[in-house]
Amino acid sequence: MELSPDERRLLVALEAGLPRVHRPFAALGARVGLEEGEVLRLLRGLLERRVINRLGLILRHHELGFRANAMLVLDLPEDEVDVAGAVLAADPAVTLCYRRPRRPPLWPYNLFCMVHGRDRVEVEARIRALLLDAGLAAVPHAVLFSRRRHKQRGARYGEAA
């Protein structure tokens, strides 16, 4: 896909993330010699052309005091995954919710939900309440707590042109 020099510079600058300032797109533009409005126009075009799929936020939950996190995995009938996923994703305790293919015979789960908390007891209580509130307590599931942190980062687009 053809990229203009401005688009290429913007993508490379975006790899470092948005600055944590009042006007992040203006600060991003200052890094690459563009006005805030031009940055927004270019990003909109890159999204429309699917050069980038989305702009997201990587929340570093550990630094905010959320030391426990668990993935709730559920084994749902395929025709129930979308509805259950929408219900779970709408709950404020769920920070990530998505469908994945099963990997039989060892992995029967097809719906994944991440729940963060300050400690293990809090996360377990949130998950129990979540399952009860969503009417999914009887669904086969497992709760998988993280034992180590993995590096979180956004997309990489290459070296500056």
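Points worth noting:
- Positions within region 103-117 being farther than 16 Å from Pro77 by Cβ and open to solvent by 80 Å² or more (accessible area, probe 1.4 Å), in sequence order: Arg103, Pro105, Leu106
- Residues of region 17-59 classified as part of a loop (DSSP other than H, G, I, E, B) and farther than 30 Å from Asn69 by Cα, total: 7
- Among residues of region 75-104, those that are touching a residue at least 24 places away in the same chain (Cβ under 8 Å) and touching a Phe, Trp or Tyr at 6+ places or on another chain (Cβ under 6 Å), counted: 1
- Contact annotation: residue pairs with Cβ atoms under 8 Å, 6 or more positions apart or on different chains, pairing a residue in region 105-124 that is under 22 Å from Ala90 (Cα atoms) and modelled with pLDDT of 90 or more with a partner that is assigned to a helix (DSSP H, G or I) and open to solvent by 70 Å² or more (accessible area, probe 1.4 Å), are Asn110/Glu78; Val115/Arg126.
The values are calculated or read from the model by the stated rules, or taken from the named source; none is laboratory data. Since the model is a prediction, treat every value here as computed from it, not as a measurement. Positions of Cβ are backbone-derived with ideal geometry, glycine not excepted, and every protein chain shown enters the neighbour counts. To get the accessible areas, we keep the full protein, side chains included, count just its heavy atoms, and leave off ligands, DNA and RNA. Shrake-Rupley method; radii C 1.70, N 1.55, O 1.52, S 1.80 Å.
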